[in-house]
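*Asks:* Input: one structure, supplied below.
Nothing in this text is a laboratory measurement; each read-out follows from the coordinates by a stated rule. Treat the numbers as computed from the prediction; the structure is a model and nothing was measured. No Cβ is skipped: glycine too gets one built from the backbone with ideal geometry, and neighbour counts run over all protein chains shown.
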Amino acid sequence: MSNLFVWLKTEFMVDMKCEGCVTAVKNKLQTLEGIQNIEVDFNNQVVRVRGSLPVKLMLDALRQTGRDARLIGQGNPDDFLVSAAVAEFKGPVIFGVVRLAQVNMELARVEATFSGLSPGKHGWSINEFGDLTKGAESTGKVYNPQDYLSDKPLGDLGTLEAGENGEAQFSGSKEKLKVVDLIGRSIALYATEDRSDAGLAAAVVARSAGVGENYKKLCTCDGVTIWESS
């Protein structure tokens, strides 16, 4: 998997009250290297960024302006049946999120953040099944389409290196990976670099919103606003 960044459109909802907020948001984002274009829709409180930076860096920058911000979309849904997906690790020991976004027909972007890991290198992979009844152990083999010819399976994501604080991050891209084919499968994380153990944790890959698909600010099922949600 490549660590090279690729251009991608990402959409955030930002709690902007006035035109001064718009200016502050634009000015902050413009200080970041790897930002190609910024669009602000004040009426919908939406900021669209085309760039190569990880989501976390852009979210941190937006929040440094003193405004709350949430990721609401990534990738172009007009070009792909499924443009983005997410796998969330919800503990009790390991927490994290993996985001996948289709850049073009031959390339997908992969971003990940984890906490609760032991320091050192950990193997991780996209596995065949989304069966979490036994954690990573029941998710099957590493995902590999029949027409993919390579020494390593397509779902082999390599290794993550956790620091002394137990945190690990990754941002890069994977050739030939199609996000639409990953829905319902899983991402598994292992204690060892070669994935020879039963696995530490796993999470199911689910579809997430593309750009322009999620302007909802209030959940009708429980009345929770986007700013109150975790």
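*Asks:* Which one of LEU32, THR192, CYS18 is farthest out on the positive end of the charge dipole of the chain, using unit charges on Cβ (Lys, Arg +1; Asp, Glu -1) and the Cα centre as origin?
*Replies:* CYS18
*Asks:* Based on the Cβ-Cβ distance from MET105 to ASP41, what FRET efficiency comes out when R0 is 30 Å, to the nearest 0.05?
*Replies:* My answer for the efficiency is 0.60.
*Asks:* What ranking do PHE42, PHE12 get, fewest neighbouring Cβ atoms within 10 angstrom at the top?
*Replies:* Listed from fewest to most nearby Cβ atoms, that is PHE42, PHE12.
*Asks:* Under the Karplus relation 6.51 cos²θ - 1.76 cosθ + 1.60, θ = phi - 60°, what is the ordered set of whole-Hz ³J(HN,Hα) values for the stretch 154-166, x standing for Gly and Pro?
*Replies:* 4, x, 6, 9, x, 10, 10, 10, 8, x, 4, 7, x
*Asks:* Right, something else. How many angstrom separate the Cα center of the stretch 199-213 from the Cα center of the stretch 82-136?
*Replies:* 8 Å
*Asks:* Give me, ordered by chain and number, the residues 5 or more places off ASN127 or on other chains with an amide H under 5 Å from its own placed amide H.
*Replies:* Under 5 Å from the amide H of ASN127: TYR143, SER186, ILE187, ALA188.
*Asks:* Quick one: if you stick a label point 7 Å off each Cα along the C-beta vector at ARG207 and LYS56, how many nm between them?
*Replies:* Going from the ARG207 label point to the LYS56 one covers 2.8 nm.
*Asks:* Figure the gain on full extension for ILE183 and SER150 (residue separation times 0.36 nm, minus the Cα-Cα span) and round it to one decimal in nm.
*Replies:* 9.6 nm
*Asks:* Follow-up. Which far-off residues, 5 or more places away or on another chain, put their amide H under 5 Å from the one on GLU193, with H placed in the peptide plane?
*Replies:* GLY123
*Asks:* Ok, one more. If contacts are Cα pairs under 8 angstrom and at least 6 residues apart, what is the relative contact order of the chain in percent?
*Replies:* Relative contact order here is 23 percent.
*Asks:* If I fit a long axis through the Cα atoms of helix 19-30 and take the longest principal axis of the Cα atoms of the chain, what angle between them do I get, 0 to 90°, rounded to 10?
*Replies:* 40 degrees
*Asks:* While we're here: Counting alpha carbon pairs within less than 8 Å and at least 6 residues apart, what relative contact order, in whole percent, applies to the stretch 8-74?
*Replies:* 49 percent
*Asks:* Here's something else I'd like to know. Expected output is a single nm value to one decimal: the length gained when fully extending between CYS18 and GLN64, i.e. 0.36 nm times separation in residues minus the C-alpha distance. What is it?
*Replies:* This chain segment gains 14.9 nm when fully extended.
*Asks:* How about the stretch 4-112: which trypsin sites (Lys or Arg not before Pro) there are in a DSSP loop, with at most 14 other Cβ atoms within 10 Å of their Cβ?
*Replies:* Passing sites in the stretch 4-112 are LYS17.
*Asks:* Give me the aspartates and glutamates in straight-line cross-link reach of LYS9: C-alpha distance below 18 Å, same-chain residues under 8 apart excluded.
*Replies:* GLU33, GLU39, ASP41, ASP60, ASP78, ASP79, GLU106, GLU111, GLU213
*Asks:* Among DSSP beta bridges whose residues both lie in the chain, state the antiparallel percentage, nearest 5.
*Replies:* 95 percent
*Asks:* Next question. Can you pull out the GluC sites (Glu not before Pro) in the stretch 1-66 that DSSP calls coil and that have at most 15 other Cβ atoms within 10 Å?
*Replies:* GLU33
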